[in-house]
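The values are calculated or read from the model by the stated rules, or taken from the named source; none is laboratory data. None of the values given here were measured: they were computed from a predicted structure. So basically every Cβ, Gly included, is an ideal-geometry build from the backbone, and we count neighbours across all protein chains shown. To get the accessible areas, we keep the full protein, side chains included, count just its heavy atoms, and leave off ligands, DNA and RNA. Shrake-Rupley method; radii C 1.70, N 1.55, O 1.52, S 1.80 Å.
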Amino acid sequence: MGNKTLTYGNVDMLVLKLLENRDMYGYQIIEQLEKQSDNTFKLSAGSLYPLLHNLESKNYVDFYEANTNDKSPGKKRKYYHITEKGKNYLFEKASEWESYSKAINSILFFEGEMVN
């Protein structure tokens, strides 16, 4: 994708959608977003964590700490979880995006006759 500024304003919606499917820690979010977007969205930790803190301040996500399953006993990770308020916000944003993209597509891919 050439110009990512068109959709980067909506990364909060994408992160919330990922968290709707399952709780994740930061690096998982980065990896999953990259994987599901076919490498279109490549967030750095420096971009993701301020976004998560913003979502947390709006009560769209919360977090809990849990032990990792790796070879570092006692090491904890912060897992993020979407809240009910976050689910409502996601629904609103997804509906807005659907209307917006439908309107854009109806112009970009219009094949009918133009009306004078």
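For the reader, a short list of remarks on this structure follows.
- Hey, TYR89 in a strand (DSSP E or B), open to solvent by less than 50 Å² (accessible area, probe 1.4 Å) and touching a residue at least 60 places away in the same chain (Cβ under 8 Å) or not: no
- When restricted to residues that are loosely packed, with under 14 Cβ neighbours inside 10 Å, among the hydroxyl-bearing types (Ser, Thr, Tyr) and modelled with pLDDT of 95 or more, the range 52-86 contains 2.
- Residues of the range 17-50 satisfying the condition of being in contact (Cβ under 8 Å) with a residue 24 or more places away in the chain, open to solvent by 40 Å² or more (accessible area, probe 1.4 Å), within 17 Å of PHE63 (Cβ to Cβ) and not in a loop (DSSP other than H, G, I, E, B): GLU20, TYR25
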